[in-house]
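**Q** Before I ask anything, here is the structure I am working with.
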Amino acid sequence: MENAQKSIRTDEMIKKIPVRLLKNKLYKGLFFFAAVFTFVLLVVLLARIFSQGAAHLSWDFLQNFASRRPEQAGIKAAVIGTLWMMAVVVPVSLLLGVGTAIYLEEYAKQNRITRLIQMNISNLAGVPSVVFGLLGLTIFVRVLFLGNSVLAAGLTMSLLILPVIIVASQEAVRAVPKELREASYGLGATKWQTILRVVLPSALAGILTGSILAFSRAIGETAPLVVIGIPAFVAFLPKSVFDPFTALPMQIYNWTSRPQEEFHFLAAAGIIVLLVILILMNSVAVWIRNRYEKKY
Amino acid sequence: MKTNDKQNSPLKSLLEKKYKSGFLGRGEKVIPILLFLMAAVSVMTTAGIVITLIVETFTFFKEISLTEFLTAKEWYPFSESAASYGILPLFVGTLKITLIASLTAVPIGLAVAIYLSEYAPETVRKLMKPVLEVLAGVPTIVYGFFALTFVTPMLRTMFPSLEMFNAISPGIVVGMMIIPMIVSLSEDALSSVPDSMRHGALALGATKWEMTWRVAFPAALSGITASIVLAISRAIGETMIVSIAGGSTPTASLDLTASLQTMTSYIVQVSTGDAGFGTTIYYSIYAVGFTLFLFTLAMNMLAQRISRRFREEY
């Protein structure tokens, strides 16, 4: 004890304090600067795209098909094509995702198969999207002869976002308190009745919030579409899910990869349309979260 | 309640009818099976990916030897006379992009995470959260456009020797793309460190920085490392930014200012070109895709292992 007290030299410690405080301030400033920098990055990104593309946004741009002449080119086929693709993605991925989540949370026993499914989902979430494109190219385009159709692209995208929807739905189902289920059983409901009429309605807001974010990922994803061979230059609208089509990110990619600058402006205008759609979807997700999500 | 009442209730006879017709009882048995089949789709997806990649890669290796794939130093699939399939140049390309992306994203991401978790007032946190969410939600095609039409020209005015397609611009922008991932996962790790440990350090006279650096940061290290490994895995698999701004020149040189090609951008190049089904080039994208898949899978499993093994329980 005596020794320890002697080894602490108060005068030196006091001398060090200003340096330590200065260091403290410096680092705090540095971290704050990093946060500001990230904020500025986003502002620059958005400002740049809006300043480049805003001039090309017009009613004609939304109404016209793709064209070799930039002043006549429009985005109609891409927007409608994306809507067609989402008409496949939304039901397929929701059904599979929510079904899987209910199975894992309500029915599955804690055994090896369940652990395998769970581990598989988290690994699947980390597979690069371009590899999903290779899967779609082989299975949907070649083996099932779907070609570069709405259905082939929609099914590939559904598999791509499936892990996100499963995880979000699992969390939402898990958050429904046990008491609600027990009350339902107590009234004589069967397990499936309880799930359908008690658990799912309570979990719906959480499921939708997570799923909408997953859908916006599917709308913006480009690489799988490129690998599947979705064309970028399309001057017609699909009439069924078996028809070829183009999607917004494909159209943007096509315009971006041309050397002429006029096409870059078109790409920027296309990006604005894409971002507006994504922002609208995210706003809906936030609105659902704030309006309907129950806290127990 | 008298048992008499219950027996005569119309509800009960209705239920009995339903049970007798087998509707309820059968539904209860069929539904778990249906749901299990849905859950099996995700396992089948993984199986589908692995089988697809293995089968098509096997076809590729019937024409090109594995030794050539692993040891040849050049990737010239489009040459008619002397095609060469050595993965090295594509691997080096991916490595260069990943390195630049990590150098950009790790310091900034960690700094923002520490700022948000240890320093930021509530108002700043509320502002930064949507900023990071938007950055994470911006599609990669948009980042690619930004790299090609903004970052590259800006860098070229500073360094005129930089080529139109290079490693630096897409590398930095891939870094931008993975910043939100590092921030959110690292911040989670930092905020799961109990405040009592922070109070202990501060009570001993540590400054906030000393407390962060010596107590909070080491305690959250496993989560932080896992977040970095996951982000690097994302950078390896990133496709559109590199395809748009990185060029399509497979080269094993370490020059960062010249056009390059990564594993992912090679797959895109072949997909947008007109290599017919059944050619060696067609099968080569599966061999490259398989290599990519193995790398990202290894990184993801490493991240899971790190966060499981070194997790400190409080």
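**Q** From the list B:SER117, B:SER191, exactly one residue is closer than 30 Å to A:LEU22 by Cβ, in contact with a Ser or Thr (Cβ under 8 Å, 6 or more places away or on another chain), modelled with pLDDT under 95 and surrounded by fewer than 18 Cβ atoms within 10 Å (Cβ to Cβ). Which is it?
**A** Details: B:SER117 fails: surrounded by fewer than 18 Cβ atoms within 10 Å (Cβ to Cβ).
So the residue among B:SER117, B:SER191 that is closer than 30 Å to A:LEU22 by Cβ, in contact with a Ser or Thr (Cβ under 8 Å, 6 or more places away or on another chain), modelled with pLDDT under 95 and surrounded by fewer than 18 Cβ atoms within 10 Å (Cβ to Cβ) is B:SER191.
**Q** Also, I was wondering about something else. When you scan the stretch A:266-275, do you find a residue that is within 11 Å of chain B (Cβ to nearest Cβ), out of contact with any Pro (no Cβ under 7 Å at 6 or more places or on another chain) and at pLDDT below 90, even just one?
**A** Checked against the condition, which is being within 11 Å of chain B (Cβ to nearest Cβ), out of contact with any Pro (no Cβ under 7 Å at 6 or more places or on another chain) and at pLDDT below 90, the stretch A:266-275 yields no hits at all.
**Q** Applying the selection to the stretch B:237-269, what residues are facing chain A (nearest Cβ under 9 Å) and either without any contact (Cβ under 8 Å) to a residue 60 or more places away in the chain or in a loop (DSSP other than H, G, I, E, B) (or both)?
**A** Residues satisfying the conditions are B:GLY237, B:GLU238, B:THR239, B:ILE267, B:VAL268.
**Q** How do the pairs read when you match residues in the stretch B:167-196 that are more than 13 Å from chain A (Cβ to nearest Cβ) with residues anywhere that are surrounded by fewer than 21 Cβ atoms within 10 Å (Cβ to Cβ) and not in a helix (DSSP H, G or I), using Cβ under 6 Å and keeping only pairs 6 or more apart or on different chains?
**A** Close Cβ pairs satisfying both conditions: B:ALA167/B:LEU256; B:ILE168/B:LEU256; B:PRO194/B:TYR314.
**Q** Does the stretch B:302-312 contain at least one residue that is under 22 Å from A:PRO224 (Cα atoms), assigned to a helix (DSSP H, G or I), of a type in the set (Gly, Ala, Ser) and in contact with a helix residue (DSSP H, G or I) (Cβ under 7 Å, 6 or more places away or on another chain)? Give the derivation first.
**A** Within the stretch B:302-312, the subset under 22 Å from A:PRO224 (Cα atoms) is none.
The answer is no, given that none of the residues of the stretch B:302-312 is under 22 Å from A:PRO224 (Cα atoms), assigned to a helix (DSSP H, G or I), of a type in the set (Gly, Ala, Ser) and in contact with a helix residue (DSSP H, G or I) (Cβ under 7 Å, 6 or more places away or on another chain).
**Q** In the stretch B:199-221, what residues are in contact (Cβ under 8 Å) with a residue 60 or more places away in the chain, surrounded by 18 or more Cβ atoms within 10 Å (Cβ to Cβ) and over 17 Å from A:LEU26 (Cα atoms)?
**A** The answer is B:ALA216, B:PHE217, B:ALA219.
**Q** A further question follows. Scan the stretch A:102-117 and report the pairs whose first residue is closer than 16 Å to B:VAL43 by Cβ and whose second residue is of a type outside the set (S, T, N, Q) and not in a helix (DSSP H, G or I), with Cβ atoms within less than 8 Å and a gap of 6+ or a chain change.
**A** A:THR114/A:ALA108; A:ILE117/A:ALA108
**Q** Residues that are among the aromatic types (Phe, Trp, Tyr) and within 24 Å of A:LEU62 (Cβ to Cβ): which helices (runs of 4 or more DSSP H) entirely in the stretch A:185-268 hold 1 or more of them? Outline the logic, then answer.
**A** On the way: elements: A:191-194, A:200-220, A:223-228, A:248-256.
Where helices (runs of 4 or more DSSP H) fall fully within the stretch A:185-268 and carry at least 1 residues being among the aromatic types (Phe, Trp, Tyr) and within 24 Å of A:LEU62 (Cβ to Cβ), they are A:200-220, A:248-256.
**Q** Considering every residue within the stretch A:57-79, establish whether at least one is in contact with a Phe, Trp or Tyr (Cβ under 7 Å, 6 or more places away or on another chain), crowded, with 17+ Cβ neighbours inside 10 Å, at pLDDT 90 or above and farther than 24 Å from B:GLU133 by Cβ.
**A** Looking through the stretch A:57-79, none of the residues is in contact with a Phe, Trp or Tyr (Cβ under 7 Å, 6 or more places away or on another chain), crowded, with 17+ Cβ neighbours inside 10 Å, at pLDDT 90 or above and farther than 24 Å from B:GLU133 by Cβ.
The values are calculated or read from the model by the stated rules, or taken from the named source; none is laboratory data. These numbers come from a predicted model, not from an experiment. Every residue, glycine as well, gets a Cβ built from its backbone with ideal geometry; the counts of neighbours run over all protein chains shown.
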